[in-house]
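**Student:** I am attaching a structure below and will ask some questions about it afterwards.
The values are calculated or read from the model by the stated rules, or taken from the named source; none is laboratory data. Remember, it's a predicted structure, so these values are computed and weren't measured experimentally. Every residue, glycine among them, receives a Cβ derived from its backbone with ideal geometry; neighbour counts consider all protein chains shown.
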Amino acid sequence: MERKMEENNDRDVEPGSETGGEDALVGNVNKLTVSPPGYNGPLRKGHLIFDACFESGNLGRVDYISDFEFDLFIRPDTCNPRFRVWFNFTVENVRETQRVIFNVVNFSKTKSLYRDGMSPVVKSTSRPKWQRLPPKNVYYYRCPDHRRNYVMSFAFCFDREDDVYQFAYCYPYTYTRLQHYLSSLERRNLPYLQREQLGLSVQQRQLDLLTITNSDNVSSEREKKLVFLTARVHPGESPASFICQVCSWVNLYACLIGVIDFLVSQHPVAQILRDHVIFKIVPMLNPDGVYLGNYRCSLMGFDLNRHWQDPSPWAHPTLHAVKQLIVQMNQDPSVSLEFYIDVHSHSTMLNGFMYGNVFEDEERVQRQAVFPRLLCQNAPDFSFSNTSFNRDKVKAGTGRRFLGGLLDDTSYCYTLEVSFYGYMTAGSTAPVPYSEEMYMKLGRNVARTFLDYYKLNNLIKENRPTNIQSADGMSQRDKSKTGSSTGVGRDTGDRKKEKSQSFGH
Ligand SMILES: [Zn+2]
């Protein structure tokens, strides 16, 4: 077998189970051709070529087991070999009808939604929309061959020789995709949207801050009600980005939108919210980690969501910048910071749900439960019973806990979690797998829950029709708008075509 590993730095990683493999894996495979051992002839179709040297890519090593079976090793987070969950790689030079089994052998987690039916996602050159693999092709078990580590195996049948196939832990959402999305938003010159660079990451990537509000709000004398949202502090938790917004590419396929797109839309609910509330959104708190294909950490191996108490400007510059801004706003008497919500994804739980803080004051406890209760009414996939309030020691450095202690008792701090896999609804007997669109829909439902909350609290006394009852929550007018803004409509023909584009398994 020929193996070509990307050159990387010579950082020492301790061997042993903590690193999840015999070798320290510090780089991604780079167009690695895996032919049978001892084979020296010309490259043949079916000698698979693996690659993960692209943005958000992750695959550290491939072992040839047989022509049909390969062991795959996740490349651990940079500078932190304890985290090995996210993978994202391509396979090409396949033979038509070639059946393979891929074993992902070095997960750092033992509990996994793979037990409950979760499966990796796949797309290919000719079928560019991500799909989840059928769960019947996925096995998760404790393997004696790999130090009794948990192994996820999946069977796959390649069907088009010229296609490049891509497999990932969940729907990827890259830093570049976010940048394109934000640029396209900026080009619309919306009077109620402002984009700023809040800082730079260690590798000099942009830390973006969006402010969405009616400009009268900023200049007015009355107290400014502020909602602060952050996402992707944990880089592998890509569903958080779909909740936050949507890339225009996906808009070609669906009229569903996440938080940001909803808040900048002409939807009546969005207009009312912009008139009363200032939304500050940091859509990617850990841009280096996202770019590098890490699961949990920054470039330097820090779990930024454990450093809120004392972030350093050189080791955790993005976190430092966000915290400074929040502390500053908190000291401004004209600002009332009402909500801080940090969006994450969960690798072992189903549904959307929240974590909140524990308070002595019973009335505060009750008030804190209001937003998740309202969200539960608006979002069929959000579970109030999974929502919990805690003060675990290990979570003391999280944004939710730290800011819960810093801000006064009229502020609410939550972590919003959404399952990497799926959700159960009232009548369902099995989990419904999340699609990209369903993640976005949860985002939209979070946004519109602010209206319910502020109506309940008498800040908003609007009687304008808000028209949020239609099936996907958008009026026909909005639907045609979404279609025309991207220049591409979607008809039933597209849907049919999509069906015929599934993978043969
Ligand atoms: Zn997280």
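**Student:** When the residues of region 152-187 are narrowed to those that are of a type in the set (Lys, Arg) and touching a residue at least 40 places away in the same chain (Cβ under 8 Å), which ends up farthest from residue 32 (Cα to Cα)?
**Tutor:** Step one: list which residues in region 152-187 are of a type in the set (Lys, Arg), which gives 160, 177, 187.
Restricting the remaining residues to those that are touching a residue at least 40 places away in the same chain (Cβ under 8 Å) gives 160, 177.
On the way: 160: 20, 177: 26 Å.
Checked region 152-187; the qualifying residue farthest from residue 32 (Cα to Cα) is 177.
**Student:** Residues in region 171-224 that are closer than 30 Å to residue 301 by Cβ, touching a Leu at 6+ places or on another chain (Cβ under 8 Å) and polar (S, T, N, Q): how many? Talk me through it step by step, then tell me what you get.
**Tutor:** The initial filter retains those residues of region 171-224 that are closer than 30 Å to residue 301 by Cβ, namely 171-182, 195-210.
Now restrict to residues that are touching a Leu at 6+ places or on another chain (Cβ under 8 Å): 182, 195-203, 206-210.
So of that shortlist, the ones also polar (S, T, N, Q) come out as 197, 201, 203, 206.
Total satisfying the criteria: 4.
**Student:** I'm checking my understanding of the structure. Among residues of region 281-331 that are buried (at least 20 other Cβ atoms within 10 Å of the Cβ) and of a type in the set (Ser, Thr, Tyr), which one is nearest to the chain's Cα centre (by Cα)?
**Tutor:** If we take residues in region 281-331 being buried (at least 20 other Cβ atoms within 10 Å of the Cβ) and of a type in the set (Ser, Thr, Tyr), then 295 is nearest to the chain's Cα centre (by Cα).
**Student:** Further question: Please enumerate the residues belonging to region 297-318 that are of a type in the set (Gly, Ala, Ser), in contact (Cβ under 8 Å) with a residue 12 or more places away in the chain and away from the ligand (no atom under 14 Å from the Cβ).
**Tutor:** Step one: list which residues in region 297-318 are of a type in the set (Gly, Ala, Ser), which gives 298, 301, 312, 315.
Imposing the further condition that a residue be in contact (Cβ under 8 Å) with a residue 12 or more places away in the chain reduces the set to 298, 301, 315.
Matches in region 297-318: 301, 315.
**Student:** Sticking with this one: Please go through region 282-312 and pick out each residue that is hydrophobic (A, V, I, L, M, F, W, C) and outside any helix (DSSP H, G or I). Step through it out loud before you land on a result.
**Tutor:** Here is the first cut: in region 282-312, the residues hydrophobic (A, V, I, L, M, F, W, C) are 282, 284-285, 290, 292, 297, 299-300, 302, 304, 308.
Matches in region 282-312: 282, 284, 285, 297, 299, 300, 302, 308.
**Student:** Let me ask another. Sort through 84, 99 and tell me the only one that's on the phi < 0 side of the Ramachandran plot, surrounded by 21 or more Cβ atoms within 10 Å (Cβ to Cβ) and in contact with a strand residue (DSSP E or B) (Cβ under 8 Å, 6 or more places away or on another chain). Lay out the reasoning, then the answer.
**Tutor:** On the way: 99 fails: surrounded by 21 or more Cβ atoms within 10 Å (Cβ to Cβ).
Every option except 84 fails the conditions.
**Student:** Return the pair list, or none, for Cβ contacts closer than 8 Å from residues in region 202-217 that are assigned by TED's automatic domain parsing to the domain that holds residue 182 and at pLDDT 95 or above to residues that are polar (S, T, N, Q) and in a loop (DSSP other than H, G, I, E, B), at least 6 apart or on different chains.
**Tutor:** 202/298; 207/201
**Student:** Which is within 24 Å of residue 224 (Cα to Cα), within 16 Å of the ligand (Cβ to nearest atom), outside any strand (DSSP E or B) and not basic (Lys, Arg), of 416, 375, 403? It would help to see each step written out before you state the result.
**Tutor:** Working: 416 fails: outside any strand (DSSP E or B); 375 fails: within 16 Å of the ligand (Cβ to nearest atom).
After applying the criteria, what remains is 403.
**Student:** If I filter region 327-350 down to residues being acidic (Asp, Glu) and in contact with a strand residue (DSSP E or B) (Cβ under 7 Å, 6 or more places away or on another chain), which single residue comes out as farthest from residue 170 (Cα to Cα)? Show your work before the answer.
**Tutor:** At the first step, the residues of region 327-350 found to be acidic (Asp, Glu) are 332, 338, 342.
Filter again for in contact with a strand residue (DSSP E or B) (Cβ under 7 Å, 6 or more places away or on another chain), leaving 338, 342.
Numbers: 338: 32, 342: 19 Å.
That would be 338.
**Student:** Moving to a separate point now. Select, from 115, 132, the only residue that is touching a residue at least 24 places away in the same chain (Cβ under 8 Å), of a type in the set (Lys, Arg) and touching a Pro at 6+ places or on another chain (Cβ under 6 Å). Give the steps one after another, and end with the answer.
**Tutor:** Numbers: 115 fails: touching a Pro at 6+ places or on another chain (Cβ under 6 Å).
Only one candidate qualifies: 132.
**Student:** Turning to a different aspect of this structure: Please indicate, with yes or no, whether at least one residue in region 184-194 is in a strand (DSSP E or B), over 22 Å from residue 345 (Cβ atoms) and assigned by TED's automatic domain parsing to the domain that holds residue 279.
**Tutor:** Taking region 184-194 as the starting set, the residues that turn out to be in a strand (DSSP E or B) are 193-194.
Then drop every residue that is not over 22 Å from residue 345 (Cβ atoms), which leaves 193-194.
Retained after the next criterion (residues that are assigned by TED's automatic domain parsing to the domain that holds residue 279): 193-194.
Yes, because at least one residue in region 184-194 is in a strand (DSSP E or B), over 22 Å from residue 345 (Cβ atoms) and assigned by TED's automatic domain parsing to the domain that holds residue 279.
**Student:** Could you say which residue among 54, 107, 70, 83 is without any contact (Cβ under 8 Å) to a residue 40 or more places away in the chain, assigned to a loop (DSSP other than H, G, I, E, B) and closer than 26 Å to residue 433 by Cβ?
**Tutor:** On the way: 107 fails: without any contact (Cβ under 8 Å) to a residue 40 or more places away in the chain; 70 fails: assigned to a loop (DSSP other than H, G, I, E, B); 83 fails: without any contact (Cβ under 8 Å) to a residue 40 or more places away in the chain.
Going through 54, 107, 70, 83 in turn, just one is without any contact (Cβ under 8 Å) to a residue 40 or more places away in the chain, assigned to a loop (DSSP other than H, G, I, E, B) and closer than 26 Å to residue 433 by Cβ: 54.
**Student:** Taking region 385-415 only, how many residues are among the aliphatic types (A, V, I, L, M) and more than 14 Å from residue 357 (Cβ to Cβ)?
**Tutor:** Going through region 385-415, the residues among the aliphatic types (A, V, I, L, M) turn out to be 394, 396, 403, 406-407.
Going one step further and asking which of them are more than 14 Å from residue 357 (Cβ to Cβ), we end up with 394.
Result for region 385-415: 1.
**Student:** Does any residue in region 223-238 that is of a type in the set (Asp, Glu) come within less than 8 Å, Cβ to Cβ, of a residue that is more than 16 Å from the ligand (Cβ to nearest atom) six or more places away or on a different chain, and which pairs are these?
**Tutor:** Between residues of region 223-238 that are of a type in the set (Asp, Glu) and residues that are more than 16 Å from the ligand (Cβ to nearest atom), the close pairs are 223/334; 223/335; 223/336.
**Student:** Please indicate, with yes or no, whether at least one residue in region 229-252 is more than 16 Å from the ligand (Cβ to nearest atom) and in contact with a strand residue (DSSP E or B) (Cβ under 7 Å, 6 or more places away or on another chain). Steps first, answer last, please.
**Tutor:** Here is the first cut: in region 229-252, the residues more than 16 Å from the ligand (Cβ to nearest atom) are 245-252.
Those still in the list that are in contact with a strand residue (DSSP E or B) (Cβ under 7 Å, 6 or more places away or on another chain) too: none.
The answer is no; no qualifying residue exists.
**Student:** Among the candidates 486, 466, 425, which residue alone is modelled with pLDDT under 85, closer than 29 Å to residue 121 by Cα and β-branched (Val, Ile, Thr)? First the steps, then the outcome.
**Tutor:** Details: 466 fails: closer than 29 Å to residue 121 by Cα; 425 fails: modelled with pLDDT under 85.
Selected residue: 486, the only one of 486, 466, 425 that is modelled with pLDDT under 85, closer than 29 Å to residue 121 by Cα and β-branched (Val, Ile, Thr).
**Student:** Might you check whether a residue that is in a loop (DSSP other than H, G, I, E, B), surrounded by fewer than 14 Cβ atoms within 10 Å (Cβ to Cβ) and without any contact (Cβ under 8 Å) to a residue 60 or more places away in the chain occurs anywhere in region 352-364? Even if it seems obvious, please write down each step before you answer.
**Tutor:** First pass over region 352-364, keeping only residues in a loop (DSSP other than H, G, I, E, B): 357-361.
Filter again for surrounded by fewer than 14 Cβ atoms within 10 Å (Cβ to Cβ), leaving 360-361.
Then drop every residue that is not without any contact (Cβ under 8 Å) to a residue 60 or more places away in the chain, which leaves 360-361.
Checked against the condition, which is being in a loop (DSSP other than H, G, I, E, B), surrounded by fewer than 14 Cβ atoms within 10 Å (Cβ to Cβ) and without any contact (Cβ under 8 Å) to a residue 60 or more places away in the chain, region 352-364 yields at least one hit.
**Student:** For region 332-350: of the residues being charged (D, E, K, R) and more than 16 Å from the ligand (Cβ to nearest atom), which is surrounded by the fewest Cβ atoms within 10 Å (Cβ to Cβ)? Full working, then the answer.
**Tutor:** Step one: list which residues in region 332-350 are charged (D, E, K, R), which gives 332, 338, 342.
Restricting the remaining residues to those that are more than 16 Å from the ligand (Cβ to nearest atom) gives 332, 338.
Numbers: 332: 11, 338: 22.
Checking each candidate, the answer is 332.
**Student:** Could I ask something else about it? Count, please, the residues in region 351-364 that happen to be touching a strand residue (DSSP E or B) at 6+ places or on another chain (Cβ under 7 Å) and away from the ligand (no atom under 16 Å from the Cβ). Step through it out loud before you land on a result.
**Tutor:** Let us first name the residues in region 351-364 that are touching a strand residue (DSSP E or B) at 6+ places or on another chain (Cβ under 7 Å), namely 351-358.
With away from the ligand (no atom under 16 Å from the Cβ) added as a condition, the list becomes 357-358.
Summing the residues that are touching a strand residue (DSSP E or B) at 6+ places or on another chain (Cβ under 7 Å) and away from the ligand (no atom under 16 Å from the Cβ) in region 351-364 gives 2.
**Student:** Would you mind stating whether residue 174 is surrounded by 14 or more Cβ atoms within 10 Å (Cβ to Cβ), at pLDDT 95 or above, on the phi < 0 side of the Ramachandran plot and among the hydroxyl-bearing types (Ser, Thr, Tyr)?
**Tutor:** On the way: surrounded by 14 or more Cβ atoms within 10 Å (Cβ to Cβ): yes; at pLDDT 95 or above: yes; on the phi < 0 side of the Ramachandran plot: yes; among the hydroxyl-bearing types (Ser, Thr, Tyr): yes.
Answer is yes for this residue.
**Student:** Another question, then. Might you let me know whether region 68-76 holds any residue that is among the basic types (Lys, Arg), over 26 Å from the mean Cα position of the chain (by Cα) and at pLDDT 95 or above?
**Tutor:** Restricting attention to region 68-76, the residues satisfying the condition of being among the basic types (Lys, Arg) are 75.
Checking which are over 26 Å from the mean Cα position of the chain (by Cα) leaves us with none.
Checked region 68-76: no residue is among the basic types (Lys, Arg), over 26 Å from the mean Cα position of the chain (by Cα) and at pLDDT 95 or above.
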